[in-house]
1. Explain nothing, just the number: dipole magnitude of the chain about its Cα centre with +1 on each Lys and Arg Cβ and -1 on each Asp and Glu Cβ, in debye rounded to the nearest 20.
2. List every DSSP H helix in the chain whose Cα atoms extend 24 Å or more along the helix's own long axis and whose mean Kyte-Doolittle hydropathy is at least -0.5.
3. How many Å³ per residue does the convex hull of the Cα positions in region 95-188 occupy?
4. Would you rank MET161, MET114 by solvent-accessible area, highest first, keeping every protein chain in place and using a 1.4 Å probe?
5. Between GLU197 and ALA144, what FRET efficiency follows from the Cβ-Cβ distance if R0 is 41 Å, with the result rounded to 0.05?
6. Once you have the Cα-Cα distance between LEU70 and TRP218, take 0.36 nm times their residue separation minus that, and quote the gain in nm to one decimal.
7. Kindly report the accessible area of region 119-161 per residue (heavy atoms of protein chains, probe 1.4 Å, no ligands, DNA or RNA), in Å².
8. What is the gain in length, in nm to one decimal, between ALA152 and TYR134 on full extension, counting 0.36 nm per residue of separation less the C-alpha to C-alpha distance?
Amino acid sequence: MGGLRKYLPITYATMVIGGLANAGIPPFAGFFSKDAIIEALHAAQRPGAGFAYWLALGGAFVSAVYTFRLIFYTFHGKERFDTSGAHAGHGHEGEAHGGPPHEPRWVVTLPLVMLAVPSVVAGFYIGTIVYGDYFGSSIRVLQAHEWIAELAHEFHGAWAMVLHGFTTAPFWLAVAGVGITWYLYIARPDLAGVVREKGGILTRILEAKYGFDDFNDWFFAGGADRKSTRLNSSHSSVSRMPSS
């Protein structure tokens, strides 16, 4: 919709907090989980770990891009909606629809705030949950995965992990993702269409989500529909058989 930041300040603030966490920016919660996974992949000696590590690094960049594309496109830039109330109608309890957007009721706003709080503070419990005895003997590290135990030895507290995070590749990839997205959708919004057009077949592959949606529709949804149609036809045939 664009330009919603001034109309929905609470929603915007909670969205930015969630976005920073999702992009893995320290010290938000997503940073701790993402960094622990990437460090584990980097330390692992199993076949394929190196490939998984590079995919995870790429994911740090992509996560920042798609998250902040949503934030910039929705809350910043030019307003792309009617605020005149020309199309106003009346809905539940006589509320008028149309005119400038506004914050939703507390039943929506309160959960947003409650979700934003752990996005800020939950990561600081990583020492107890991931490297401590929070789960007791329910979870243990197998000897074949000794690099996980090695990460525990290298952990020197949440704040030390945060400070170290500012020097790592995932952080700078996330920053690059936010910066590129800001440039494409705020500074030079005309370039987004150009990049999309120049992407050619890559754009079509991404828009088609690698064909997974089409496959799911054909195989799962379509298969279930065909199966139910056959079952219904069989049931109808049995129902029409004359009784002896």
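The values are calculated or read from the model by the stated rules, or taken from the named source; none is laboratory data. In this text, all values refer to a predicted model and were calculated from it rather than measured experimentally. Cβ placement follows ideal geometry from the backbone for every residue including glycine, while neighbour counts extend to all protein chains displayed. Accessible surface is based on the protein model in full, side chains and every heavy atom, while ligands, DNA and RNA are left aside. Shrake-Rupley method; radii C 1.70, N 1.55, O 1.52, S 1.80 Å.
1. For the chain, the charge dipole is close to 600 debye.
2. Passing helices, by number: 49-75.
3. Each residue corresponds to 199 Å³ of Cα convex hull volume.
4. Largest accessible area first, the residues go MET114, MET161.
5. Efficiency for this residue pair is about 0.25.
6. 50.4 nm
7. For region 119-161, the per-residue accessible area is 75 Å².
8. 5.1 nm
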